[in-house]
Each structure stands twice: as C-alpha cells, then as structure tokens.
1. Spin-label point model (7 Å from Cα, Cβ direction): what's the L511 to N138 distance in nm?
2. Whenever you get a sec, line up D30, D506 from highest to lowest accessible area (probe 1.4 Å, protein heavy atoms).
3. Which residues' amide hydrogens lie under 5 Å from the amide hydrogen of V484, considering only partners 5 or more residues apart or on another chain, with H built in the peptide plane?
4. When the solvent-accessible surface of protein heavy atoms is calculated with a 1.4 angstrom probe, in what order do L449, L418 fall, highest first?
5. Could you list, in their original order, any pairs among K300/K545; K150/K424; K125/K329; K384/K532; K92/K308; K228/K401 whose Cα atoms are separated by more than 32 Å?
6. Among S113, Y44, V268, whose Cα projects farthest towards the positive end of the dipole of the chain, with charges put on the beta-carbon of Lys, Arg (+1) and Asp, Glu (-1)?
7. Sort by residue number and report every cysteine in the chain with no other cysteine beta carbon within a distance under 4.7 Å.
8. Indicate, rounded to the nearest 5 percent, the antiparallel portion of the DSSP beta bridges found entirely in the range 404-562.
Amino acid sequence: MSDNRRSQVVTQGVQRTPNRAMLRAVGFGDNDFTKPIIGVANGYSTITPCNMGIGDLAERAEAGVREAGGMPQIFGTITISDGISMGTEGMKYSLVSREVIADSIETVCNGQSMDGVIAIGGCDKNMPGAMLAMCRLNIPSIFVYGGTIKPGHYEGEDLTVVSAFEAVGEYSAGKIDEERLLGVERNACPGAGSCGGMYTANTMSSAFEALGMSLMYSSTMAAEDEEKAESTAKSAQVLVEAVRKQILPRQILTRKAFENALSVIMAVGGSTNSVLHMLAIANAIGVPLSIDDFETIRRKVPVLCDLKPSGRYVATDFHRAGGVPQVMKMLLSKGLLHGDALTITGQTVAELLADIPAEPRADQDVIRTFDHPMYPQGHLGILKGNLATEGAVAKLTGIKKRQITGPARVFESEEECLRAILDKQIVAGDIVVVRYEGPKGGPGMREMLAPTSAIIGAGLGDSVGLITDGRFSGGTYGMVVGHVAPEAAVGGTIALVQEGDSITIDADHNLLQLNISDEELAQRRAAWQPRKPNYTRGILGKYAKLVSSSSRGAVTDLDLFE
Ligand SMILES: CC(C)(O)[C@@H](O)C(=O)O
Ligand SMILES: [Mg+2]
C-alpha cells in the first residue's frame, strides 16, 4: 500500500492534471506526487507569547517532513490569548476557539485529502482544538507543543502571568505598593511560550504526551530552547513514519490511553480545564469516558508534583527534574498506568519508559515520591448534589479546608463579582456564586482567573468558596468549584440560588448542596424564566445554540441529528 493513499485522489490520473498543475505552483515536482502530503497546522501568531515562536517551529516541521520523504503543506490556525482576553467579554471566545481550531484543521486536512497532520499550538485551546480534529480525521497525527515560557524574575522570586493576576488582589487589599505592582507587570512574562506553571496549556501538553500523541519530554520543553526545535523536526520524522505504518489516532486514543492521561493530570496537579477537554476528545474519538471517571482516578492517584499555581515550581523546573516521562514511569511502577498503550512512535508506553528509573532523582524536589506526595489523592474532585446533578469540578489544592458551609453571594457575571471582591464586599465564610457564565449562558464559560486571584491576593483563599457554571484558569486555586452543570442558562439549580442562601461545598463527600427544602426548590424552579440569550447571531450565537453541557465536554457536535 502506498504512503499517499488519501492524497492520491488529487495527485493521480489524467483527470488530475489541473490539480497537479496547481500543486506544481506550490513546489511539487515530477517525483513528489507519490509522496504523502502532510498538513502542518501552524498556530503562529503575534497576539500572544504562547504562539509567537511557533512560526519557526512550523518551518522546522516542514523541513523535517520533507527530509523524511513527505510533502509538507502549511496552513494557519487561529488562537485566542486567554491571558490577554481574561476578564473581558472577549474571553467568551476562548472556549469557542477550541471548536474553530478543530473545525479549521478538519476542514483543511479533509478538504485537501491530506495523508497526515502535524499540529503546532501554544495557548490553551490550541491543544484540545487540534486533538479534536485529529480524532475526527483519524489520519496519522502528531501534536507539537509550542513550549512553555521561562519564569520571570523579580525581587528574588520566580514569576508567571498568574503572579500579575494575584498582584492585582494584593494591591487592592493594600498588601503591596504600586512600584511592586509595576515590577511584577514588567517582569512576569520574559519571552515566548505558554504560561509557565502547571496551568492549562502545560497541563494539556502533558496530557497529550501521556496519551501517546506527542513525543516524550516534548511537552515541558521551553519554547525558546533549541531542543524544542529539534524535537519538532523529530516529530515530523515520526509522523511520516506513522503514515507509512498507518498508525491511526483510533489505535492510540483508547480507553487505556485516556486513563493514562487522567492519571498524569492528577499527578502533575493539572488544570480543571482538562476535565472539559478530555471529555470532548473522548467524545470525538468515540471512547466512553464520563466525568465520574475523573473521580475514580483521583482517588487512586496522588498529586506528586510541586508545581504552580499552588505549588512552588514552574514547567521548566519540572522538565529539568525529569518531566512527564518520570511521572509516567512512577505511575507505571505502581500499577497506575497502562504500559501496553500504543504511541504515535509505534512503541508502547512501557517501551518508551524502559530506561527511566522508577524513583525520581534525589537531587530535586519538584517531583515527589509516593511516600511524600503533595496530596495523597488527586486534586480534581467531581462534586454532585442538588446544585450540580450532572456534576461540577472542584480544584482542591493550596487550601487547608475541604468543607465549607456559608451564605451565597450571588453575581450574574464575572465583572460584578470581581468588583465586589476588590471593593472588599466579600468576607471570610462567604460562598461566591457566579452564574450565567456557562457554555450556553456566557456563552463560552469564561475563565474566572481575575476573581479567584483577587480572592487569593486578599488572603481569603482558605475561607471563601467560589462556585460557577463558568470555568477556571489553570492558574486558579483555592476553594473553587466550576463547570457546575446543569448551568443557569438552562435552568440548573445554580440559577435558583438567592442571596444569603446556605450552600455547602464538601470535597470529602463530593457534595455541592443548596441547603433549602425540596419544596422550596421546586417552587423556585417552577417560577424560573429563561433569560434572553446574550448573543443570537454570529459565532457566539451559533455556539450557544449548539453547545452541550460542560459535563459532556461542552462540545458542539454531540448528537447533532438525534
Ligand atoms: C492565562 C492562563 C494562566 O494561561 C490561563 O488561561 C490558564 O487557563 O491556565
Ligand atoms: Mg485558560
């Protein structure tokens, strides 16, 4: 069987003379029409540090494909910067961009009958967007992460962009002066790369390494280091080989692979967004995965890594300490990873990890041993109760309390909520409710990094709870529960909460409860009226119409014609 089995429909036969004529104009010669055509989905953009180095990587990928005997065809994909759109109406486009990226890669690769795809991305939605496309296409695919940013330095501290978000809360609480605020702003982001802690981008790249869809070690390399470029060229080679061997996403992305990724997400202390994205990816490939699977795995897998947001270190420290492969080997040695899962290299996970010791190196404390974990169980808990019958995602790191009952402080948007925190209207014991920010309601589940950072900055991380039908940033920590489903816009219980109602968040019992009687709840439900959608046209209107519940990954193609 030839390597160009899909692209033959545009390259072979008399009828394809015009097609070849056009391909010649973009660089094909007489001997190139039997080579596999490899799409290079290039996420380059100068709107965010996460993506600004990707253009060079795409060139390395192109050269790598060519050297390995393939014909590269480069095309652009979009990105939104979560960090820059954070706290604005623009953030509503962030999760939506995941679908746009998926749709665009699917459109080009199928429209052009490509034989394989190498996607290169940086900011948070680039990773799941590309992976959704790879699942839909089911052609040999590899993901290359644009790489992490290096930490900034100021007054002896390592900074990330989240330091800047927290500085806003510290400044408003009178804890730091204007000079320090400016010092943090000037030094937090020193160059190219995605936000540097174990935030969403680094979480998703780590998860993809665990899934077997990116090369080992590639997900924690710094964007600006030469090894990143080298591993991009290597990824291109591996992909062309995978096209020859016809190693397909459906062979790699099995239930075992998802379980491996979930274990790694817990062990590294990853972002709540991973719950949403992994559910969406599983849906796209047709693997049964439910929100409850996260809870099952959480109970078995400890948080092993001391990484930001709640820990001390950044992704470049993690990389030096052994990165994802070291964590995977530790999990494998404890029976918490499936070693027989296939990877895009054609080798199994166990084969790739063969030379790595089962214990982390003693000269570092980024990756802890099983005897001294950061937390004995995973940190992403699935809560249910009358406030979240379909489930909600709690992040349980950086706090001493795992249970809180307090009065609801209800806000109909993120902006209102942030104003109240900065105006010192929120006090210890309160449970902040931010609603109508869900997949349909926002639409787009904005990330609440500004309010959660302001709570941390004000020193209320342990004493104030926050629940929302929106999302959190990977930089968020504290007593926070997001993805509350069903969301307010479809009449979920979160829409029925009134100012001052008692709410319980109980992570030990996986409970998210509105403490009112069933009768009272039924009365309020009967009286509830849906709100007029915020958007009825354009992409946000289309998205609000199509999007599924967050408990199903907030996908736009679930049961479209059922
Ligand atoms: C801006 C951040 C920190 O990158 C955020 O978007 C995340 O989700 O991690
Ligand atoms: Mg984000």
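1. For the pair L511/N138, the computed spacing is 4.5 nm.
2. Details: D30 120, D506 15 Å².
Output order, biggest surface exposure first: D30, D506.
3. Answer set, sorted by chain and number: V393, T468, D469, G470.
4. Details: L449 5, L418 45 Å².
Largest to smallest exposure gives the sequence L418, L449.
5. Numbers: K300/K545 38 Å; K150/K424 34 Å; K125/K329 28 Å; K384/K532 28 Å; K92/K308 25 Å; K228/K401 40 Å.
Over 32 Å Cα-Cα: K300/K545; K150/K424; K228/K401.
6. S113
7. C109, C135, C189, C195, C305, C417 - these cysteines have no disulfide-compatible partner (Cβ-Cβ under 4.7 Å) in the chain.
8. Values: 8 of 20 bridges.
The answer is about 40 percent antiparallel.
The values are calculated or read from the model by the stated rules, or taken from the named source; none is laboratory data. Worth saying up front: this structure is predicted, and the values here are computed from it rather than measured. Positions of Cβ are backbone-derived with ideal geometry, glycine not excepted, and every protein chain shown enters the neighbour counts. Each accessible area value is taken on the protein alone, full model and side chains, heavy atoms only, with ligands, DNA and RNA left out. Shrake-Rupley method; radii C 1.70, N 1.55, O 1.52, S 1.80 Å.
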